[in-house]
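Input: a single structure, listed below in structure tokens.
The values are calculated or read from the model by the stated rules, or taken from the named source; none is laboratory data. Quantities reported herein were computed from a predicted structural model and do not represent experimental measurements. Every residue, glycine among them, receives a Cβ derived from its backbone with ideal geometry; neighbour counts consider all protein chains shown.
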Amino acid sequence: MSNLKSGLIQMGLKASTDSDPETIRQSMIEAHIPLIRKAGEQGVQVLCFQEVFTQPYFCPSQDAKWYASAELIPEGPTTQLMMQYAKQYQMVIVVPVYEKDSVTGVYYNTAAVIDADGSYLGKYRKTHIPQIAGFWEKFFFKPGASNWPVFTTQYCKLGVYICYDRHFPEGWRALALNGAEYIVNPSATVAGLSEYLWKLEQPAAAVANGCWIGAINRVGREQPWDIGEFYGQSYFVNPRGQIEKQASRDQDELIIHDLDMGMVAEVRNTWQFFRDRRPSTYKKLTDEE
């Protein structure tokens, strides 16, 4: 199997949170376009942005103002624009945005997946929604029930897991069992309690499931909430759990790396975790008692 040229974009906020959501969206789109073009010109085949990439991480607030930043998928302006860039550069693009459902008042934390011909393949909605100080996500997002979709793109079988999801090993395994060879995890995570997990959980998930993972985080501090430093360090980790390339802690950055997709079969054939798993003995894991 050939190499997969992949890209991740991490970025700080480009407008004041006092601005209206559409102004912020436009500023973030404008900041991303040069890096999207750079990725396309360098032959990137799969590109992913950070969690809710067109907006601040607004969940430290409980301000209904941010509902106005939600978009339909795929009809919304951001997904439609990225479909154009995907087609132009023959590049799969994963587009994490705040989604509004067709039912008024229902919102999701979602990633749209666009194939290299510009066609919309589908979406993944964040499954696990935290609700603690600084991360009042249940105010903004309904838990998704996407049934672990794996998208058969022109270049690979691609899965998506979003931010807080990464703490739950069940979803990684479900995506791998559904065929994912490469899983992206767009995130918005700050320094403090869980930073040490950033380079622990996703390498462990890559080993346990014999897949590549692309982990994306934003950078900088966002006022007025200032819940901490978004510490960047987006990276690619191989199926052996080795981080092969990593971005800076504090810079807007596109990182590009060739993923040796032959490692997926090689590692899975060496560590026969899928053969040796015993799902009939794990019923306690899904008991609702």
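Results for (1) modelled with pLDDT of 95 or more; (2) loosely packed, with under 12 Cβ neighbours inside 10 Å; (3) over 22 Å from SER194 (Cα atoms); (4) of a type in the set (Phe, Trp, Tyr), shown as yes or no for each residue.
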position: ALA215; (1), (2), (3), (4): yes, no, no, no
position: GLY220; (1), (2), (3), (4): yes, no, no, no
position: TRP225; (1), (2), (3), (4): yes, no, no, yes
position: TYR231; (1), (2), (3), (4): yes, no, no, yes
position: VAL237; (1), (2), (3), (4): yes, no, no, no
position: GLU244; (1), (2), (3), (4): yes, no, no, no
position: ASP260; (1), (2), (3), (4): yes, no, yes, no
position: SER280; (1), (2), (3), (4): no, yes, yes, no
position: ASP287; (1), (2), (3), (4): no, yes, yes, no
Residue in the range 248-258 that is in contact (Cβ under 8 Å) with a residue 12 or more places away in the chain, assigned to a loop (DSSP other than H, G, I, E, B) and surrounded by 20 or more Cβ atoms within 10 Å (Cβ to Cβ) present: no
Test result for ILE36, over 19 Å from VAL94 (Cα atoms), buried (at least 18 other Cβ atoms within 10 Å of the Cβ) and among the aliphatic types (A, V, I, L, M): no
Among the candidates ASP165, ASP117, ASP101, residue that is surrounded by fewer than 16 Cβ atoms within 10 Å (Cβ to Cβ), acidic (Asp, Glu) and over 15 Å from LEU72 (Cα atoms): ASP117
Members of the range 173-201 found to be outside any helix (DSSP H, G or I) and over 24 Å from ARG268 (Cβ atoms), listed by number: PRO186, SER187, ALA188, THR189, VAL190, ALA191, GLY192, LEU193, SER194
Filter result for the condition that a residue is in contact with a strand residue (DSSP E or B) (Cβ under 9 Å, 6 or more places away or on another chain) and β-branched (Val, Ile, Thr), over ILE29, ILE33, ILE9: ILE9
Condition check for ALA133: over 17 Å from GLY214 (Cβ atoms), free of Cβ contacts under 8 Å to residues at least 24 places away in the same chain, surrounded by fewer than 23 Cβ atoms within 10 Å (Cβ to Cβ) and not basic (Lys, Arg): yes
